[in-house]
Amino acid sequence: MAFTSFNEFLAALEEAGELLRINEPVATELEITALADREMKKPGGGKALLIEKPTINGEISPFPVAINTLGSWRRMAISLGADSVDDVASDLGALMKAKPPTSLGEAVKLLGTAFQLRHARPRRVATGPCKDVVHKMDSLSTRSEAWPPAPDWKKPDAIDPAPPSLLNIPILRCWPLDGGRFVTLPCVITRDPDTGERNVGMYRMQVYDDRSTGMHWQLQKVAARHGRRYYEAGERMPVAVVLGGDPVFPFCATAPLPDGLDELLLAGWLRKKSIDLVKCETNDLEVPANADFVIEGYIDPKEPLREEGPFGDHTGYYTLPEPYPVFHVTAITHRRDAVYPATIVGIPPMEDFYIGAASVKLFLPIFQMNFPEIVDIALPAEGVFHNLVFVSIRKTYPMQAYKIMHGLWGMGQMMFTKYLVVVDHDVDVHNTSEVLFHLTANTDPQRDSILSRGPADVLDHATSEIAVGGKLGIDATKKLSGEGFKREWPPLIRHSTEAQARIDALLKSIG
Ligand SMILES: Cc1cc2nc3c(=O)[nH]c(=O)nc-3n(C[C@H](O)[C@H](O)[C@H](O)COP(=O)(O)O)c2cc1C
C-alpha cells in the first residue's frame, strides 16, 4: 500500500494500536528524548509517539513531532505496506531468483531494471501538498540560537507559525552535551554532477541558525562523493532535504544501496506505486510531492568546512566535533498539516535497530547472490550496526568462513564491520545467546581468529585514527580436517525425538 501522506501512515499506526498521542507540552530540548528513549527501550520497541504540543524554548510549536514511527517490526512492516518485513524480503528474493545474476554488478543492474519495470520510475508532476506553504529565505536576516543561551538571551514573545524557519520547526536538542539542535531523520537528495544520477541518503543536520546547518555526510557515503566532484569543479552543490511524506523514504535513505542506484526507485517498488516528484523552488532538484517539509539549499565549495557536533550518537557515546560542509537554506516549503518526523540515537536498543535490521533482511538475497553459502546475517542491537555482525553459513570446504569474512569486509558498508563471527547454518544468528554459546564452545582463539585492517566507521571513537581501524573475524563453525583440526569433533547434545514426543504428550495430559 502506498501512503499518500505521513499523516495517513500515522493514522494507520493508530488504528493498529501502534501510536500514542501525547497531548501535554513536551520540550524539544532534551525532554522528547527522555520520553522517546523510555519508549524505545521497551520490549519490542514500544509505541510510536505523536507529540502534539512540542515546545521550542517554552513556546508551543506550530508543528507536532512524530518519533519512533519505525521502531518495531510491526511498524516497519506497516511502513512498507506489508504484513511482515519477511514478506517484503521474500518478494525481493523472488525477483532475484527469476533471473539469477552471476555477479554483484549484474545483481545491481537487475535490481535497477526490476524496480523500474515493476512499479515505474518516479514521475514529474506540476505541484503537490509539500508546496502548501512556500517560503524563500532571501528576505530574512539570519537569526541564530545560541546554546546554552547567553545570559542576555531574550525568549521571543511568540513563535510565528509563518514564515517557516529552522527555528520554528520543532527540531530536537537530543542529549545534554549536544552542540545544538539536530535534524535526525532527513532524507538528503543530491545529484552526481557527472551522470545526473540521484542519491537519497540520511545524514544528520546540526542547526547553526535559521538558515544554515551542518551536513554530516561521512567520507565514505555517496553524497560525500558527489560533494567532492562539486568541490573539484568549484560549483555550488544543490541539495534538497525531505522530511515526512511516505514512510518508505527514510527507510530507503538509510538502505545501503550501491552508488548509482536511485533510492526513489526502491521506494516506488516498495510502495508499489511510482512516486510523484515536484521541482524545487530554488534549485533544479526534484522532491516527493507528498513530503511534509522540504528544505532546499546548497553547499558552497568555496566555503571552509565548519565544526559539527558533539552529538549523542548511535554508538552510545558522543561523537566529538569534526569539520563538515555547511548547508545554506534557500527555501522551506511544507504541507499545511505538516508533522515533523524525528528519531533519537544513543545507547541501544533504539529505533534505528529496526531500520537497520529490516535493511539486512531485505538485502540478504543480494548477499546470498554473491555468497550462496550464507544462510542468515544479523547485526545485534548491542553492536550498533557494524560493530558486530553474525553470519551463519552452510560450510562445505575448509576455510570457507574466512572467505565470507573477507568477502563481507569488501562489500559496501559491510566494510565497517569490526567484529565478524561466522557460525554454522543451524545456529540462529538472531539469538545472541545461542551465537555466544557456539562462539565460545567452538573456537580455539589463536587458530580461529584473524585480525585485519580497513576503513572504519567515522563514528567509532575507539580507533586510534578516524575512519581507519582493525577488524576481528572469528570462525565459530565446526572445524574440518583441512583446517588444522586433527581430533574428532564431538556431537552436540540433543534430546531424542521419541523422548521429546513422550514428554510433550505427558505435559499436555497433566495440563
Ligand atoms: C537515524 C540514522 C541517522 C544516520 N545519520 C547519518 C549521518 O549523520 N551521516 C552518515 O554518513 N550516515 C548516517 N546514517 C547512515 C546512512 O544513512 C546510511 O549509511 C546510508 O546508506 C547512506 O546512504 P548513501 O550510501 O546513499 O550515502 C544514519 C542512519 C540512520 C538510520
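Please treat every number below as a calculation from the coordinates, not as lab data. Quantities reported herein were computed from a predicted structural model and do not represent experimental measurements. We place every Cβ from the backbone using ideal geometry, glycine too, and count neighbours over all the protein chains shown.
Report summary: the helix-based calculation at 222 nm, which adds -39500 (n - 2.57) for every DSSP H run with n ≥ 4 and divides by the residues of the chain, gives -8500 deg cm²/dmol. Each residue in 452, 359 was given a count of other beta-carbon atoms within 10 angstrom of its own, and listing them fewest first yields 452, 359. Of the cross-linked pairs 403/479; 403/478; 221/272; 109/272, those separated by over 25 Å at the C-alpha level are 221/272.
Counting only C-alpha contacts under 8 Å and six or more residues apart, can you give the relative contact order of the chain as a whole percent? Result for the chain is 15 percent. Going by neighbour counts of Cβ atoms within 10 Å, the residues 282, 497 line up, fewest first, as 497, 282. Sorted fewest first by neighbouring Cβ atoms within 10 angstrom, 51, 466 come out as 466, 51. Extension gain for the segment residue 109 to residue 232, taken as residue separation times 0.36 nm less the Cα-Cα distance, is 41.4 nm to one decimal. Other residues lying with their Cβ under 11 Å from the Cβ of residue 301 contribute a combined charge of 0, Lys and Arg counting +1, Asp and Glu -1. Summed over all non-identical Cα pairs, the Kirkwood treatment of region 183-256 gives a radius of 12.8 Å. Evaluating kT/(6 pi eta Rh) at 37 °C and 0.692 mPa s, with the Kirkwood radius of region 371-483 over Cα pairs in the Stokes-Einstein relation, gives 233 µm² s⁻¹.
Note that the chain, at 25 °C in a medium of 0.890 mPa s, gets a Stokes-Einstein diffusion coefficient of 101 µm²/s from its Kirkwood radius over C-alpha pairs. Which of the trypsin sites (Lys or Arg not before Pro) across region 379-429 are loop residues per DSSP, with 13 or fewer other Cβ within 10 Å? Sites meeting the loop and neighbour criteria: 394.
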